[in-house]
């Protein structure tokens, strides 16, 4: 760990890396403050800048945008009750109420400190846990690795219990689309239809840009959302916005909330496909059950802000653990980062720690600095956030689409990637409207090749399907998967019969 610590500081303070890191923090705070721009969309908007970067600088830059965008979303949530990112929605419940009482500076200060503290907690957990996860993953045989990947895909379906069947179908569709092109073991071409563009499979990055950015713009356009946000409630104060950072006593009084929310955010961040939004809502819900002031949550108290912001920022560090050590993204933004690095020839996973430890070290150093610098950036940019809200969506929407198209085209310089991005955007808009899960679809496409390769290697090693029963660890993992698959279905059946 000490070697990674030293290497991380050496990497981030290199001029070619430190500059992109600062730019990533500024862009992340700005993108996060713009209503309708999620953390994953913020990463998409930053993609045109990374194609000419070194791979280490690219991952540092994207991680900085990802982390800072979560914090940027909380500021507009407090000032105008308009969460810049969905993960900051619970923050608006108490933060905006405090702003309406004239405590804008205090609410913003508590939010920034909770964000920084939660982000640092997730970062230090990442640097401790990622090497352990990586070492354990390298010891897995193909059958055990198949079980872990299957478990990872089922977790997302279980998190969405209200829509379990459609989420499961979404993941299976992703697995099917992952079969297009050459198989991961041999040179057989499947489902390509004689199309040369599909010989190497469906390009993940244009699909993800379309599903996470273009589809969101189309969805908001369909709703006729052309508001400039100018008619929203503003804080009841005529004085300039001034941050009031909480003192040591205020921080110490909330240490239990911060610790509980950070721990929960880390755990949720590790789960594949969960991300900061689930962490934020879950943390706020738990705080309403266990807090001594639970009856005051929602009326404008600092515990509500801390619970939301500490959790969603800690989830960023948690999502990096399975991404760097297992090659399994913990959220949508992490999935986009994984696809970008794969396009640059860097495959995140168990071997990364041995072959290229500089990426893990660079991510660690960048997340530490980002969680410190984003506080300073937010303080200086807070006065300008009102201008972002004056921009009507009829202007910002096309800009987002143009940036998404540039990001898709910049991947290989092919117009076919732009067409694929546009098609994925239209498909994603309809797909989500029908109640299916876009995150499960992308997760299935990402993990499909690894899952198939592990399954086939296990079959070839045993010569039959008996490997499911001959390895106790594999059998145990697959039994857990079966229970995860059948329990929600059985519960729905019992409820309907009752």
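The values are calculated or read from the model by the stated rules, or taken from the named source; none is laboratory data. Just so it is clear, the structure is predicted and the values come from calculations on it, not from any experiment. As a convention, Cβ positions derive from the backbone with ideal geometry for all residues, glycine included, and neighbour counts pool all protein chains shown.
If the condition is being free of Cβ contacts under 8 Å to residues at least 60 places away in the same chain and under 19 Å from residue 376 (Cβ atoms), then the stretch 15-43 contributes 18, 19, 20, 23, 27, 31, 32. Checked against (1) modelled with pLDDT of 80 or more; (2) within 20 Å of residue 339 (Cβ to Cβ), residue 411 passes all but a single condition, namely (1).
Picking from residues in the stretch 394-424 that are more than 24 Å from the chain's Cα centre (by Cα) and part of a helix (DSSP H, G or I), the one that is surrounded by the most Cβ atoms within 10 Å (Cβ to Cβ) is 416.
Once the stretch 278-330 is narrowed to residues that are in a helix (DSSP H, G or I) and free of Cβ contacts under 8 Å to residues at least 12 places away in the same chain, the residue that is farthest from residue 369 (Cα to Cα) is 295. Search the stretch 388-410 for residues that are farther than 20 Å from residue 28 by Cα and pair each with any residue that is outside any helix (DSSP H, G or I) and at pLDDT 85 or above when their beta-carbon atoms are under 9 Å apart and the residues are at least 6 apart or on different chains. From the stretch 388-410, the pairs are 410/50. Within the stretch 336-365, residues that are on the phi > 0 side of the Ramachandran plot reach partners that are at pLDDT 80 or above with beta carbons closer than 6 Å, at six or more positions or on different chains, in the pairs 349/327. Number of residues in the stretch 182-201 that are in contact with a helix residue (DSSP H, G or I) (Cβ under 6 Å, 6 or more places away or on another chain) and within 26 Å of residue 404 (Cβ to Cβ) equals 2. Under the condition of being part of a helix (DSSP H, G or I) and surrounded by 20 or more Cβ atoms within 10 Å (Cβ to Cβ), the residues counted in the stretch 425-454 number 17. For the stretch 196-220, a residue qualifies if it is surrounded by 21 or more Cβ atoms within 10 Å (Cβ to Cβ) and not in a helix (DSSP H, G or I), and the qualifying residues are 201, 203.
Taking the listed residues 177, 168, the one that is crowded, with 17+ Cβ neighbours inside 10 Å and either over 22 Å from the mean Cα position of the chain (by Cα) or more than 27 Å from residue 495 (Cα to Cα) (or both) is 177, with no other qualifying.
Whether any residue in the stretch 113-131 is surrounded by fewer than 23 Cβ atoms within 10 Å (Cβ to Cβ) and without any contact (Cβ under 8 Å) to a residue 24 or more places away in the chain is what I want to check. No, because not a single residue in the stretch 113-131 is surrounded by fewer than 23 Cβ atoms within 10 Å (Cβ to Cβ) and without any contact (Cβ under 8 Å) to a residue 24 or more places away in the chain.
Here residue 280 meets the list (1) loosely packed, with under 14 Cβ neighbours inside 10 Å; (2) at pLDDT 80 or above almost entirely, failing just condition (1). Could we say that residue 367 is crowded, with 20+ Cβ neighbours inside 10 Å, at pLDDT 85 or above, in a helix (DSSP H, G or I) and under 23 Å from the mean Cα position of the chain (by Cα) here? Criteria met by residue 367.
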